[in-house]
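The values are calculated or read from the model by the stated rules, or taken from the named source; none is laboratory data. Keep in mind that this is a model prediction, so the values were computed, not measured. Cβ atoms come from the backbone with ideal geometry, glycine included; neighbour counts cover every protein chain shown. Just so you know, the surface numbers come from the protein's heavy atoms only, side chains and all, with ligands and any DNA or RNA stripped out. Shrake-Rupley method; radii C 1.70, N 1.55, O 1.52, S 1.80 Å.
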Amino acid sequence: MKNAIKVFAPATIANLGIGFDHLGLAIYGPGDEIIIGEGSEKGLKIKEIKGAKGRLPIDPTKNTAGVAALSLLEAIGAKDYALEMSIHKKMPIGSGLGSSAASAVAGVFAVHKYLRTGLDVSELLPHAVKGEQIASGAKHADNVAPSLLGGMVYIRDNQTLDYKRIYFPKGIFFAVVYPEISILTRDARSVLSKSVSLENAIQQAANFACFVTAANSSDLDLMARCLDDRLIEHQRASLIPYFNEMKEIAMNKGAMGFSISGAGPSVFAMCFNQIEAENIAEKLQSFLKGKKIQATTWVSDINNDGAYLF
Ligand code: HSE
């Protein structure tokens, strides 16, 4: 590929237990890498996809990275530009860590950097959301926004993409455990009831509001008390093998909270420090191993960088 550049978009923990579809944060480690360069013919071509075991479409109009990139190319009047992309998935698909969002963000960010669009990074968000939407079947930016912008992002309205990046204390570490089964976001959404009780809706709103405020003021104990999901977790827990047992292990080991990352099956323990997160990750992995379930773990604090150019 001529004149190629390489970009990376990180994985994310969406929902964070209490902010279904409206809250997410970026982590270090897993993510998507895209190399983009000059193509030999008009338009965008995806040359290869590594690390996806043939599970992702190579047709750019059907691929999340492709759709996001095409949306931006169209918006800036450059859709006939000869471009080639090589996608390297460095994270599992269908894991609850925002795999499709990382692809969409990397796709749009690659075009942005390669063509030096001069746009503000925040202007890429609607294009990345379009890409992610074809994979998840719903318009929500709780993975895409933190993957693109880094940090923790609160999305007030997923339609207008009215969002706010919120301070999240450094020093809090996440033990992320991916039990190696795949759950499609569409399926994890289809199990959710359309109505909730007034009591739970009110408590959830209080937990969500207090969590964001507590994060802003680094009140770790209040953050821990807020991480109590009344709406979603109990409906999805049965999709994840040994969810309740894992939660009990993590909480007994002193985690601030434990819940499902995005649509699952990955789970996360939010921890007061790195050592605690490493211990919990190890404990959960060996617990799952004892149940004959292969699991991958990551330990990360908040990634404030978001997408970047190598
Ligand atoms: N908020 C989404 C969900 C994230 O939980 O369904 C998954 O893409």
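Observations on the model:
- Taking (1) within 16 Å of the ligand (Cβ to nearest atom); (2) under 23 Å from ALA209 (Cα atoms); (3) outside any loop (DSSP other than H, G, I, E, B) in turn, LYS164 satisfies each apart from (1).
- Residue check for ALA307: in contact (Cβ under 8 Å) with a residue 60 or more places away in the chain and among the small types (Gly, Ala, Ser): yes
Residue by residue, here is whether (1) outside any loop (DSSP other than H, G, I, E, B); (2) under 30 Å from SER193 (Cα atoms); (3) of a type in the set (A, V, I, L, M, F, W, C); (4) within 22 Å of the chain's Cα centre (by Cα) holds:
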position	(1), (2), (3), (4)
GLY17	no, yes, no, yes
GLY24	yes, yes, no, yes
GLY54	no, no, no, yes
PRO57	no, no, no, yes
LYS62	no, yes, no, yes
ALA65	yes, no, yes, yes
LEU72	yes, no, yes, yes
SER86	yes, no, no, yes
LYS89	yes, no, no, yes
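- Scanning segment 108-138 for residues that are within 16 Å of the ligand (Cβ to nearest atom) and closer than 9 Å to VAL67 by Cα returns ALA128, LYS130, GLY131, GLU132, ILE134.
- Those residues of segment 9-43 which are hydrophobic (A, V, I, L, M, F, W, C), open to solvent by less than 20 Å² (accessible area, probe 1.4 Å) and either farther than 13 Å from VAL176 by Cβ or more than 16 Å from the ligand (Cβ to nearest atom) (or both), in sequence order: ALA9, ILE18, LEU23, ILE34, ILE36
- Residues in segment 188-211 that are free of Cβ contacts under 8 Å to residues at least 40 places away in the same chain, touching a Cys at 6+ places or on another chain (Cβ under 9 Å) and within 16 Å of the ligand (Cβ to nearest atom): there are none.
- Residue in segment 165-178 that is open to solvent by 50 Å² or more (accessible area, probe 1.4 Å) and farther than 18 Å from ALA11 by Cα present: yes
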